[in-house]
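Colleague: Pasting a structure below so you can have a look.
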Amino acid sequence: MTIEEYREEFLAQLRNNAQVEGNLNQHQFIKEAVELLEKNEELMNPVIFHCNMKSRNRNLGFHAYAYGEADSTIQLLITDFVDSQDAGALTNEDIRTLYNKMQYFIQDAAEGLISKAASDESDYIIDIANEFRQKIGKMETTEVTAFRFFIVTNKTLSNRVKSLEQENLLGRPSILQVWTLERFYDNFRSSQSERIMIDCKEWGVDGIQCLKANISQSNQFDSYMGIVPGLMLAKLFKRYQGPLLEGNIRCFLSAKGKVNKAIKSTIIGDSPERFFTYNNGIAVVANSVTLSPDGHYITAFDGFQIVNGGQTTVSLCNAYIKGEAPEGNLEKIFVPMKLTVLNFALDDIDDPELLQKSKDDYNELVQQIARSSNWQNPTKEADFFSNDPFHRDMERLSLLIENQTPPKPGQVNGTFWFYERSAHRHEQATFNMSTTKRKQWLEQHPKNQVVTKEKLGIYFNTLELRPDSVCKGPVNNWDLFSANIVDLKKKNPAAINSYFFRKMVCVKILFDQTDKMIGKADWYPVGGYKAMYVPYTIAKIIASLPEGKELDWKRIWRMQEIYPSLARQIEIVAPQTMRFLHDISKGGNERTLAIKEETWKEYRKQPLTLTDEFLNDATETSFEKEEAKSQERKARFDIATDMWAKYISLGSKYFERLYDDMNRLKLLNYADRETVRICALSVAKGNLSDRQVKRLSQIMDNLQNKTDYIVPEK
């Protein structure tokens, strides 16, 4: 796919989505711009809000905002959309105008002037401005160490735009990014998010002292130990902020919160030179590095990303920005670095299938490094859940012919819901296809039928009646979702089956259509708390069903939309949800209360009248349970068959070596070791029994999870 084809397809799809969802094309562009940046992990938990106002004879505005908890930033987004294939160029003057609208809002919010410019006292923009003002505070106690601004446009970037550097705003770094369709196109084609390129000389360092560790004959990666100047690390984070950190580490930091006090005390104390001794350092991955002629220094990095050491990095940057460290302290700080250079020549691979496999291998290796590097910290398995086999199972289920949707009236074939277990997987699937094949593929896998793993957590927890967790946003909701899935898989792996997949799709349909209904309702104010009302409304309806009854999920799947009586019930409950959250917040910020479990418990106790029509359309829970059990029986058979084939393919020699290791290291108990020995004999004969497969699976899991022994792949 060329950039011209991508641009044409993007605009056509946007117009179609706008028509289907009942949006103006401009508003649809804002929605899709936010989703794209969220996919690229540039924004976390963004809130769409159309702000356009005047204050002190200046134009203020933005289209979405977010808080970067990991990098302590306030983030604003504004769009510049032209509904034409030839949108023209984005000039320096355009950039300055758009940027000023956002920075002026920050300035006036910090000074408490937004309430004077707002249309009335109930305007939601006042709540947002007060949030910003509280977080910005004074430099000594601020929660905000930088501002990040995004301009998203379908214009092309003018050749005259040479720099996006901005002066500090309110004494903090102001980071501006411009995202064009060309930039998104390049990202979709690449294997990962935008690579950070670092030339050490640009950061006042000739090179980073390093020692190559010749510990492996594998050509998959190279390992180095290095020493990074603390001031350089602080400046790097000031420039790049969150994108410098691998995605899971950002999530971990945002969940864990504030700067580590022990790290901070060393930075600002009397002995900063001891930082190297006291600190565990950072773990970094890179696509490639450039070495000095003698090989003792790294002079440049391609794809620099920190996978462990986020607290160290953020602490150094905070001390640098706030001026907390005495003069000269940061120059005396050096940080140990473990560097892994991944030798994946992805740019040189033309074959689509081989390229996708290489990307999967690359991403999985990064995840394994991140997980292993953080194992000494008190992180949970759920913190690194994005690489869990659950997502591979969901992707596999999404492609099964049995999960093809029923054909719509007048159509011969149904379509598929695509499970996107990694960012841009849907778009990348078509990049090397011809125009004809791409059109055929998109007809089977429409862009509006994509379920991302982050959004799946929202649907799952809504169904589990935890709208308070959903209101915290996809990242903060992730812990509960992944913990529940890990628990479910341990108790009943067969529960992740086609029935489960189709039900999750139905919840997405319910979620999306509820969102649209609320957005178009006469009672809903522009810029309201729709993200809170949707999960609370759905959870309230499900929780209010009589015992033994539930929504007719089969009907939703069959229709690929919610049925009329359910839609009517939503129309009744949604405004009640709005009034409840508004009343308990007493006109304040409803979001701060919606994220509390106590709020949900209180709303759940509120009386609710269900219509007779809705109750008549509800299905018996026993029917749903029988369908689920039927799919579980099938899944258990498939799992057993797959495990049998896997163990037979590993071969008897593999299990003989495993038995020798278990004996030598005294791993697990005697009975388990004997089971492995006997299974090795059975594998040699090709006659493993179902019981042996089950026991062998348990032993392999115990070896992996309850010992330090790393089970070999083969």
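The values are calculated or read from the model by the stated rules, or taken from the named source; none is laboratory data. As the structure is a prediction and not an experimental result, all values here were calculated from the model. Positions of Cβ are generated from backbone atoms using ideal geometry, with glycine treated the same way; all protein chains shown enter the neighbour counts. Ligands, DNA and RNA are excluded from the accessible area calculation, which covers all protein heavy atoms including side chains. Shrake-Rupley method; radii C 1.70, N 1.55, O 1.52, S 1.80 Å.
Colleague: Just give me the residues in the stretch 146-165 being of a type outside the set (A, V, I, L, M), within 28 Å of the chain's Cα centre (by Cα) and open to solvent by less than 50 Å² (accessible area, probe 1.4 Å), in sequence order.
Modeller: Phe147, Arg148, Phe149, Phe150, Thr153, Asn154, Lys155
Colleague: Within the set of pairs 6+ apart or on separate chains, which have a first residue in the stretch 30-48 that is touching a residue at least 24 places away in the same chain (Cβ under 8 Å), a second that is part of a strand (DSSP E or B) and open to solvent by 40 Å² or more (accessible area, probe 1.4 Å), and C-beta atoms under 8 Å apart?
Modeller: Ile30/Ile48; Ile30/His50; Val34/Ile48; Met44/Tyr67; Asn45/Tyr67
Colleague: Out of (1) more than 30 Å from Arg502 (Cβ to Cβ); (2) modelled with pLDDT of 80 or more; (3) under 39 Å from the mean Cα position of the chain (by Cα), the odd one out for Ser697 is which?
Modeller: (1)
Colleague: Further question on the same structure: Which numbered condition trips up Lys338, out of (1) in contact with a strand residue (DSSP E or B) (Cβ under 8 Å, 6 or more places away or on another chain); (2) modelled with pLDDT under 80; (3) open to solvent by 40 Å² or more (accessible area, probe 1.4 Å); (4) of a type outside the set (Phe, Trp, Tyr)?
Modeller: Unmet condition: (2).
Colleague: Does the stretch 1-21 contain any residue that is β-branched (Val, Ile, Thr), under 22 Å from Val178 (Cβ atoms), in contact with a Phe, Trp or Tyr (Cβ under 8 Å, 6 or more places away or on another chain) and in a strand (DSSP E or B)?
Modeller: There is no residue in the stretch 1-21 that is β-branched (Val, Ile, Thr), under 22 Å from Val178 (Cβ atoms), in contact with a Phe, Trp or Tyr (Cβ under 8 Å, 6 or more places away or on another chain) and in a strand (DSSP E or B).
Colleague: Here's something else I'd like to know. Among the numbered criteria (1) over 24 Å from Gln75 (Cβ atoms); (2) in contact with a Lys or Arg (Cβ under 9 Å, 6 or more places away or on another chain); (3) at pLDDT 85 or above, which single criterion is violated by Gln305?
Modeller: Answer for Gln305: the failing condition is (1).
Colleague: Six or more apart or on different chains, Cβ under 8 Å: which pairs go from a residue in the stretch 424-445 that's within 18 Å of Gln404 (Cβ to Cβ) and without any contact (Cβ under 8 Å) to a residue 60 or more places away in the chain to one that's basic (Lys, Arg) and open to solvent by 40 Å² or more (accessible area, probe 1.4 Å)? Could you list them?
Modeller: From the stretch 424-445, the pairs are His426/Lys447.
Colleague: Among the residues of the stretch 90-134 satisfying the criterion of being modelled with pLDDT of 95 or more and aromatic (Phe, Trp, Tyr), which is most open to solvent (accessible area, probe 1.4 Å)?
Modeller: My answer is Tyr104.
Colleague: Quick check on the stretch 421-479: of everything there that is of a type in the set (D, E, K, R) and within 15 Å of Gln13 (Cβ to Cβ), which residue is surrounded by the most Cβ atoms within 10 Å (Cβ to Cβ)?
Modeller: For the stretch 421-479, the residue satisfying everything is Glu427.
Colleague: Which condition does Ile74 not pass, out of (1) at pLDDT 90 or above; (2) open to solvent by 10 Å² or more (accessible area, probe 1.4 Å), if it passes all the others?
Modeller: That leaves (2) as the condition not met.
Colleague: Got a number for residues in the stretch 270-306 being more than 16 Å from Ile227 (Cα to Cα) and touching a residue at least 12 places away in the same chain (Cβ under 8 Å)?
Modeller: Residues flagged as more than 16 Å from Ile227 (Cα to Cα) and touching a residue at least 12 places away in the same chain (Cβ under 8 Å) within the stretch 270-306 amount to 4.
Colleague: Also, I was wondering about something else. Does any residue of the stretch 610-620 turn out to be at pLDDT 80 or above and under 35 Å from the mean Cα position of the chain (by Cα)?
Modeller: yes
Colleague: Can you spot a residue in the stretch 59-66 that is polar (S, T, N, Q), within 25 Å of Pro525 (Cα to Cα), at pLDDT 90 or above and not in a helix (DSSP H, G or I)?
Modeller: Yes, there is a match, as at least one residue in the stretch 59-66 is polar (S, T, N, Q), within 25 Å of Pro525 (Cα to Cα), at pLDDT 90 or above and not in a helix (DSSP H, G or I).
Colleague: Collect the residues in the stretch 648-690 that are under 16 Å from Asn702 (Cα atoms) and outside any helix (DSSP H, G or I), keeping them in residue-number order.
Modeller: Lys666, Leu667, Leu668, Asn669
Colleague: I'd like the full set of residues that are in a helix (DSSP H, G or I) and open to solvent by less than 40 Å² (accessible area, probe 1.4 Å), limited to the stretch 312-332.
Modeller: The answer is Thr312, Thr313, Val314, Ser315, Leu316, Cys317, Asn318, Ala319, Ile321, Leu330.
Colleague: Still on this model: Sort out which residues of the stretch 490-529 are in contact (Cβ under 8 Å) with a residue 60 or more places away in the chain and open to solvent by 50 Å² or more (accessible area, probe 1.4 Å), and write them in order of number.
Modeller: Listed by number, the residues that qualify are Pro493, Lys516, Lys520, Val526.
Colleague: Next up: What are the residue pairs meeting all of these: first residue in the stretch 591-612, first residue more than 15 Å from Asp468 (Cα to Cα), second residue among the hydroxyl-bearing types (Ser, Thr, Tyr) and surrounded by 13 or more Cβ atoms within 10 Å (Cβ to Cβ), Cβ atoms under 7 Å, and 6 or more apart or on different chains?
Modeller: Once the first residue is more than 15 Å from Asp468 (Cα to Cα) and sits in the stretch 591-612, its partners that are among the hydroxyl-bearing types (Ser, Thr, Tyr) and surrounded by 13 or more Cβ atoms within 10 Å (Cβ to Cβ) give Leu608/Ser544; Leu610/Ser544; Thr611/Ser565.
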